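Encoded as structure tokens, the structure appears first; notes follow it.
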Protein chains: 2
Amino acid sequence: MDEPLSHLRAQIDEVDQAMLDLLARRLGLVAQVGEVKGRHGLPIYAPDRERAMIAARREQAADRGVPPDLIEDVLRRCMREAYVHEKNMGFTQQAPDLGPVVVVGGAGAMGAMFARMLTLSGYAVRTLDRDDWHRAAAVVEGAGLVLVSVPIHDTVEVIGALPPLPADCVLADLTSVKRAPVAAMMQAHAGPVLGLHPMFGPDVDSFAKQVVASCPGRDPDASAWLVEQIRLWGARVHDVTAADHDAAMGLIQALRHFSTFAYGAHLASEDRGLADLLALSSPIYRLELIMVGRLFAQSPELYFDIIAAGPDNLELIERYHARFGEALELLRSGDAEGFTRRFTEIGEWFGSYAERFLEESRSLLAHADSTR
Amino acid sequence: MDEPLSHLRAQIDEVDQAMLDLLARRLGLVAQVGEVKGRHGLPIYAPDRERAMIAARREQAADRGVPPDLIEDVLRRCMREAYVHEKNMGFTQQAPDLGPVVVVGGAGAMGAMFARMLTLSGYAVRTLDRDDWHRAAAVVEGAGLVLVSVPIHDTVEVIGALPPLPADCVLADLTSVKRAPVAAMMQAHAGPVLGLHPMFGPDVDSFAKQVVASCPGRDPDASAWLVEQIRLWGARVHDVTAADHDAAMGLIQALRHFSTFAYGAHLASEDRGLADLLALSSPIYRLELIMVGRLFAQSPELYFDIIAAGPDNLELIERYHARFGEALELLRSGDAEGFTRRFTEIGEWFGSYAERFLEESRSLLAHADSTR
């Protein structure tokens with residue numbers, strides 16, 4: 001019985017090695033593409049080319065009796081790798097004549113990431129950190145961009161402490177709240193001002209498909225090159241007012257992180273062995289536990305800042321706590337009809353997204369299954 | 001400039017088509033493996049073979065300058081497909097001389113899934129549903145296994161209404177709570193009793209890597225074949241007492257689903273455009289929204305049952321609500337130190353899992369990025 005099996009497995013191993021060779025070849029070709037793109041100033045993320053390519057392969061797969069989702073998932077995984085490669089390829093400089101770029105807080109992870117990308121794009125990058133504040137005036141001399149990337153609770157103070165900047169210098173920040181920092185920048189500098197919020201951590205593979213929120217300050221034409229540069233890196237730049245941004249972040253970041261914190265606190269207090277919980281967890285529940293536990297491997301200060309930064313976040317979270325209490329009432333009174341009614345209303349609010357999300361989650365969970 | 005690019009892209013397309021051919025060949029070989037496994041009664045999920053195979057490819061990848069994670073992800077995706085194929089291959093029947101299997105509630109999705117798997121494994125499967133209850137006695141005549149798969153809130157009643165079963169017949173259920181159903185089965189039947197809880201929905205690709213909780217009732221030897229059969233299908237069977245199971249489910253299922261419900265209620269009440277939120281959401285936040293929204297594409301009754309079924313769930317959720325309130329106090333008083341202290345305590349409770357979860361989430365989020 002082992003004989004036929006090991007024979008078949010030997011053949012599978014051959015196929016997999018051939019696959020490995022193809023992947024190696026593909027990476028080589030992709031590296032050349034990145035090089036060409038870099039030379040001609042093309043963005044590394046080309047959605048149309050991606051769509052067309054995947055559609056073509058899906059069709060061929062169907063003809064060959066291969067599940068189209070299989071080839072699509074494999075190709076997407078390869079493309080992800082491609083972006084990582086391309087991101088180190090160098091990028092066309094959108095503002096070739098710009099004076100030096102100064103990253104304030106360049107020693108921090110996010111600041112360092114932008115410093116790297118700007119250097120890769122041909123800019124002369126200087127960094128300014130706490131220790132060398134005494135020479136701040138010299139560092140910003142002739143600067144074409146000053147990019148503030150410091151902890152949220154220091155941002156306004158640091159902006160206020162900046163030395164005078166060249167009149168045409170762009171002053172921008174990367175803080176995850178926007179109202180206060182943009183206001184502070186408008187006050188500190190009479191020239192071009194732009195508020196940015198990269199909606200991702202400094203540990204992402206690449207900018208490809210990531211989102212950067214962009215909040216208007218002053219003289220947008222003067223900072224248009226910066227927005228273009230970030231698009232070239234692969235990110236989607238989304239324009240939004242500082243007020244709308246901060247309100248959305250309350251829901252997207254503050255409430256989410258805080259309830260994850262509370263959930264972790266509850267798990268720790270209930271203190272059922274995590275190993276036992278995991279042993280009973282299918283991939284989907286494992287995923288939920290992962291999304292909670294991962295928080296606590298990160299910086300408490302950062303998360304407290306994110307949660308406490310938005311002036312309206314506390315009230316938002318208090319409203320959630322109150323609504324949770326109202327929902328609990330349905331459970332306490334065993335009101336199945338009331339629960340179902342509310343459930344349906346919420347489903348109507350989600351509209352077609354609910355179905356779409358269920359679909360998307362299937363693919364994600366299948367992936368979680370396969371990495372288990 | 002387009003010229004060199006389109007030339008390179010043509011080569012990439014060639015590589016991808018070659019990849020497609022390999023995938024087709026691989027699926028063919030895998031189908032043969034499944035067929036051999038089925039003939040010789042081998043489980044479709046072979047963790048050791050999987051590990052060894054991946055380790056070998058990772059090494060070769062490193063030698064060829066291919067990121068080992070790339071080949072591992074591609075192979076795991078292929079193996080996931082393999083399980084889906086193999087699951088339809090048929091399985092060795094673990095109890096060849098068993099009388100007919102009766103699935104009570106065989107019309108339901110979960111019941112139908114087990115009926116299918118049992119049929120694929122060579123058992124004579126009958127189903128018993130509400131409409132044909134009048135001939136229940138005839139249906140269970142000579143049965144070797146009666147498997148109850150009905151809505152949670154009907155389970156105990158349905159078990160009580162079962163006709164007398166053959167003395168050596170195994171009585172088992174698939175309910176997602178276990179104390180009450182197991183007790184009811186012990187009372188309804190003097191023979192072998194086994195409580196089962198498949199920790200997954202009827203829409204999974206296959207049993208491979210899924211978890212089935214198994215709670216002892218009476219005479220485990222008599223139902224050992226059933227546990228073995230489920231293992232053959234690829235699932236991990238985890239033994240746990242009914243009490244521990246229900247307590248764990250309170251955390252794993254009830255609290256999780258309920259807070260997702262409350263979170264959805266909050267989003268709907270705050271009523272910020274979902275499209276705007278998504279436009280500002282990087283893949284990680286999109287994932288969070290997906291995990292909330294997906295709930296509301298599903299059955300409210302099912303979820304109310306899951307949440308309300310466990311007798312202790314209400315108190316568990318009330319404790320969570322109270323702890324959420326305590327955590328809010330830290331925010332209200334702007335107590336960053338207190339938050340950090342608690343955050344660190346929770347991190348200690350998670351121990352090495354926090355880091356591991358952060359790692360796992362990276363791969364998952366990268367996957368989410370690439371499907372965005």
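The values are calculated or read from the model by the stated rules, or taken from the named source; none is laboratory data. Just so it is clear, the structure is predicted and the values come from calculations on it, not from any experiment. Here Cβ is always computed from backbone atoms with ideal geometry, including for glycine, and neighbour counts include all displayed protein chains. When the accessible area is computed, the model is the full protein with side chains, heavy atoms only, and any ligands, DNA or RNA have been set aside. Shrake-Rupley method; radii C 1.70, N 1.55, O 1.52, S 1.80 Å.
The single condition among (1) β-branched (Val, Ile, Thr); (2) farther than 18 Å from B:Ile230 by Cα; (3) in a helix (DSSP H, G or I) that B:Val150 does not meet is (3). For B:Asp131, indicate whether it is in a helix (DSSP H, G or I), touching a helix residue (DSSP H, G or I) at 6+ places or on another chain (Cβ under 8 Å) and open to solvent by 50 Å² or more (accessible area, probe 1.4 Å). No, not satisfied.
Using the structure shown, decide if A:Arg218 is of a type outside the set (A, V, I, L, M, F, W, C), within 8 Å of chain B (Cβ to nearest Cβ) and over 23 Å from A:Leu364 (Cα atoms).
No; evaluated as a whole, the condition is false for this residue.
Applying the condition of being within 13 Å of chain B (Cβ to nearest Cβ) and small (Gly, Ala, Ser) to segment A:65-114 and asking which residue is surrounded by the most Cβ atoms within 10 Å (Cβ to Cβ) yields A:Ala82. Which members of segment A:140-197 meet the condition of being modelled with pLDDT under 95 and of a type in the set (A, V, I, L, M, F, W, C)? Correct list: A:Ile152, A:Val177. From B:Ala184, B:Ala213, B:Ala143, B:Ala167, grab the single residue that is open to solvent by 60 Å² or more (accessible area, probe 1.4 Å) and on the phi < 0 side of the Ramachandran plot. The unique qualifying residue is B:Ala167. Write out, first by first residue and then by second, each pair whose Cβ atoms fall under 6 Å of each other, whose residues are 6+ apart or on separate chains, and whose first residue, in segment B:14-31, is free of Cβ contacts under 8 Å to residues at least 40 places away in the same chain while the second is outside any helix (DSSP H, G or I). Listed pairs, sorted by first residue: B:Ala24/A:Arg64; B:Ala24/A:Val66. Checked against (1) within 7 Å of chain A (Cβ to nearest Cβ); (2) open to solvent by less than 50 Å² (accessible area, probe 1.4 Å), B:Ile54 passes all but a single condition, namely (1). Filter segment A:198-213 for residues that are over 21 Å from A:Leu42 (Cβ atoms) and either away from chain B (no Cβ under 14 Å) or not aromatic (Phe, Trp, Tyr) (or both) and give the result. If the condition is that a residue be over 21 Å from A:Leu42 (Cβ atoms) and either away from chain B (no Cβ under 14 Å) or not aromatic (Phe, Trp, Tyr) (or both), then A:Pro198, A:Met199, A:Gly201, A:Pro202, A:Asp203, A:Ala213 are the ones that fit.
Going by the conditions given, is B:Ser176 in contact with a strand residue (DSSP E or B) (Cβ under 7 Å, 6 or more places away or on another chain), more than 9 Å from chain A (Cβ to nearest Cβ), open to solvent by less than 60 Å² (accessible area, probe 1.4 Å) and under 19 Å from B:Ile307 (Cα atoms)? For B:Ser176, the condition - in contact with a strand residue (DSSP E or B) (Cβ under 7 Å, 6 or more places away or on another chain), more than 9 Å from chain A (Cβ to nearest Cβ), open to solvent by less than 60 Å² (accessible area, probe 1.4 Å) and under 19 Å from B:Ile307 (Cα atoms) - is met.
Which of (1) modelled with pLDDT under 95; (2) open to solvent by less than 10 Å² (accessible area, probe 1.4 Å); (3) on the phi < 0 side of the Ramachandran plot is the odd one out, the single condition B:Gly234 does not satisfy? Unmet for B:Gly234, out of (1) modelled with pLDDT under 95; (2) open to solvent by less than 10 Å² (accessible area, probe 1.4 Å); (3) on the phi < 0 side of the Ramachandran plot: (3).
As a summary of the residue check, A:Leu274 satisfies the conditions (1) modelled with pLDDT of 90 or more; (2) over 25 Å from B:Leu251 (Cβ atoms) except for the one numbered (2). Annotation note: of A:Arg135, A:Arg130, A:Arg80, the sole residue that is in contact (Cβ under 8 Å) with a residue 12 or more places away in the chain and basic (Lys, Arg) is A:Arg80. Which of the residues that make up segment A:1-50 are closer than 22 Å to A:Lys209 by Cβ, facing chain B (nearest Cβ under 7 Å), surrounded by 19 or more Cβ atoms within 10 Å (Cβ to Cβ) and not hydrophobic (A, V, I, L, M, F, W, C)? Result: A:Arg26, single match. Here the helices (runs of 4 or more DSSP H) wholly within segment B:167-254 that include at least 2 residues being without any contact (Cβ under 8 Å) to a residue 60 or more places away in the chain and under 22 Å from A:Val292 (Cβ atoms) are B:242-249. When restricted to residues that are open to solvent by 20 Å² or more (accessible area, probe 1.4 Å), at the interface with chain A (Cβ under 9 Å from one of its Cβ atoms) and closer than 14 Å to B:Arg179 by Cβ, segment B:241-267 contains 2. For segment B:287-341, the tally of residues that are among the aromatic types (Phe, Trp, Tyr) and either closer than 17 Å to A:Leu255 by Cβ or open to solvent by 50 Å² or more (accessible area, probe 1.4 Å) (or both) stands at 3. Evaluating B:Asp97 against the criteria (1) touching a Cys at 6+ places or on another chain (Cβ under 9 Å); (2) within 21 Å of B:Glu228 (Cβ to Cβ) leaves one unmet condition, (1). Can we say A:Val204 is buried (at least 21 other Cβ atoms within 10 Å of the Cβ) and either within 25 Å of B:Leu358 (Cα to Cα) or in contact with a His (Cβ under 9 Å, 6 or more places away or on another chain) (or both)? Considered against the rule, which asks whether it is buried (at least 21 other Cβ atoms within 10 Å of the Cβ) and either within 25 Å of B:Leu358 (Cα to Cα) or in contact with a His (Cβ under 9 Å, 6 or more places away or on another chain) (or both), A:Val204 comes out as yes. Is it fair to say A:Glu337 is out of contact with any strand residue (DSSP E or B) (no Cβ under 8 Å at 6 or more places or on another chain) and farther than 30 Å from B:Pro47 by Cβ? Judged against the criteria, A:Glu337 is a match.
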